[in-house]
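First comes the structure, then the notes that go with it.
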Amino acid sequence: MVLAAGRGERMRPLSDQTPKPLLPVRGQPLMLWPMQALARGGFVQQLINTAWLGEQIPALLGDQAHWPELPHVHIRYSHEGQDFGRALETAGGIVRALPQLDEVFWVVAGDVFAPDMVFTQPAVARFAASAALAHLWLVPNPAHNPGGDFGLSATGQVLNLPRGSPACAYTFSTVALYKKSFFADCGLPPGNPQGVALALAPLLRAAMDRGHVSGEVYAGDWTDVGTPQRLAQLNGSSA
């Protein structure tokens, strides 16, 4: 699942006319970077959620994507904007899409640049065989998030620590594997028929407290493309 429904308030005015995931990064729309990386790993059934200016995404991509030297990708959509008039936040959007997803599935953000991320079938198999309900890829805290999001134990358990704690050394990259059962106790039925907005972070922290979230560190290039300045830096210019 590729998350592409957000408004991108901090990216304004660039996102006033273009969904943030379609803003160009190094010659192509930003969201194509994770989509192509997934395809490179053989994950060719991809679902995109949309809301803000959401009609632009299927207008560009259609229901199939063909990139040189990569397998063809089949694309489905969860149109939160069309169905409910707004985005459903991360967890609400995932639960809305659950009936279209496998028992184990990737979630990536369409507005994060991580060109070195490698998506593999063995990673899915390891996670599926584990007791964890979610597996997160973490990055060392960037300058814009010095207090961090989470800690990571020596055994690979992601830890819910107070923000700013010395051991809170990692930021969530937004790349993760989930089992459908992670969302079983979120209070929403699969498909989220009422279109309830629900944040993901509280669910993750509660699952961490139960020991259900594993993780690992991604050490490659990573940018949360959250501001025009970061976008300009990626494209080799100054804002």
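Let me make sure I get this right: for the chain, a, b and c are the square roots of the gyration tensor eigenvalues over alpha carbons, sorted descending. Under 1.5 in a/c it's rounded, otherwise prolate if a/b > b/c, else oblate. Which is it?
rounded
Please find the FRET efficiency linking residue 165 to residue 197, where r is the Cβ-Cβ separation and R0 is fixed at 22 Å, and quote it to the nearest 0.05.
0.15
Could you order peptides 125-138, 25-38 by the average number of other Cβ atoms within 10 Å of their residues, highest first?
25-38, 125-138
On average, how much accessible surface per residue is there in the stretch 40-171, in Å², for a 1.4 Å probe, leaving out ligands, DNA and RNA?
47 Å²
Note the full-extension length gain between residue 155 and residue 216 as 0.36 nm times their separation in residues minus their Cα-Cα distance, in nm to one decimal.
Fully extending the segment from residue 155 to residue 216 adds 21.0 nm.
Ignoring ligands, DNA and RNA, what percent of the 1.4 Å accessible area of the chain is carbon and sulfur?
Result for the chain: 55 percent of the exposed heavy-atom area is carbon or sulfur.
Based on DSSP H runs of at least 4 residues, each adding -39500 (n - 2.57), what is the mean residue ellipticity at 222 nm of the chain after dividing by all its residues, to the nearest 500 deg cm²/dmol?
Helix-only estimate at 222 nm: -6000 deg cm²/dmol.
Can you tell me, using C-alpha contacts under 8 Å and at least 6 residues apart, the relative contact order of the chain as a whole percent?
Result for the chain is 24 percent.
Could you rank the peptides 64-71, 117-124, 96-103 by their average count of other C-beta atoms within 10 Å per residue, with the highest value first?
Ranking the peptides 64-71, 117-124, 96-103 by packing returns 96-103, 117-124, 64-71.
Extending each Cα 7 Å along its Cβ direction at residue 144 and residue 26, get the distance between those two points in nm, one decimal.
Taking the two extended label points, one gets 1.7 nm.
Distance in nm between label sites at residue 130 and residue 18, each 7 Å beyond Cα in the beta-carbon direction?
Modelled inter-label distance: 3.7 nm.
The values are calculated or read from the model by the stated rules, or taken from the named source; none is laboratory data. This structure is a prediction, so every number in the text was calculated from the model and none was measured. As a convention, Cβ positions derive from the backbone with ideal geometry for all residues, glycine included, and neighbour counts pool all protein chains shown. Areas reflect the complete protein model, heavy atoms only, side chains present, ligands, DNA and RNA absent. Shrake-Rupley method; radii C 1.70, N 1.55, O 1.52, S 1.80 Å.
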